[in-house]
Each structure stands twice: as C-alpha cells, then as structure tokens.
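Below: one structure, written as structure tokens.
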Amino acid sequence: MNSLPSIQEILQCIEDFSREQSKRTQSKQEIESEVSRRLGITKELLEIPREKSRSEFQYRLAWALTKAKQKGLVERTGHKQWTFKDPLSGSRHGI
C-alpha cells in the first residue's frame, strides 16, 4: 500500500474482521496489528507521526473503532480492550 487507508477503509476491515472474531476480546494493539496486516500497510506508513504519543494510523484506527462501536460491531470492555459482538445478536447498521 502506497498511502494510509481512510478511516472508512479501516472500518470496513474491522467489520470483516469482526465476523471472524465474534465474542472475542482483543487488545487495541492486536487489532492494530491485524488491520495493518490485512490492509498491507508498510512499516514506514505505520510510523507516520500524528501526535506525540501516536501515529496517523493509530489516530485513524481509533476513529474507526469509535465508528464500529456506534454501529454495534464492537464494545470497549477495558483499558485498550475491545470485544467483537456477535453479528447475529442485537441490531446492526450497515457501513
């Protein structure tokens, strides 16, 4: 990949990933690693700075996780912990 994916592209990847990870809790770091692997993001792109404490990719991932939470795909279950919801339970909104 030559450029960082948009928040929407990251969100789509999280939606695809959530179908496989139903009811499984993962750390934000595990999700970051899996999303970057699936999207083929290079190490150089992952290291583009945004703020003092995080990269541009981490910033976009945080927004994508927030949007995924709003859509009922994941829920935050602890400090930097996210649980993927069962896609068959509750209401889900399309992306």
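If you check Ser18, Ser22 for being touching a residue at least 60 places away in the same chain (Cβ under 8 Å), exposed (fewer than 15 other Cβ atoms within 10 Å of the Cβ) and closer than 16 Å to Asp86 by Cβ, only one passes: Ser22.
A residue that is modelled with pLDDT under 90 and over 10 Å from the mean Cα position of the chain (by Cα) occurs nowhere in the range 32-48. Being assigned to a loop (DSSP other than H, G, I, E, B), surrounded by fewer than 16 Cβ atoms within 10 Å (Cβ to Cβ) and free of Cβ contacts under 8 Å to residues at least 12 places away in the same chain holds for only one residue in Glu51, Glu30, and it is Glu51. Selection within the range 49-87: residues that are charged (D, E, K, R) and within 11 Å of the chain's Cα centre (by Cα). The member of this set that is farthest from Phe17 (Cα to Cα) is Arg60.
The values are calculated or read from the model by the stated rules, or taken from the named source; none is laboratory data. Every value quoted in this text rests on a predicted model; they were computed, and no experiment measured them. Please note: Cβ atoms are built from the backbone with ideal geometry, for glycine as well, and neighbour counts cover all protein chains shown.
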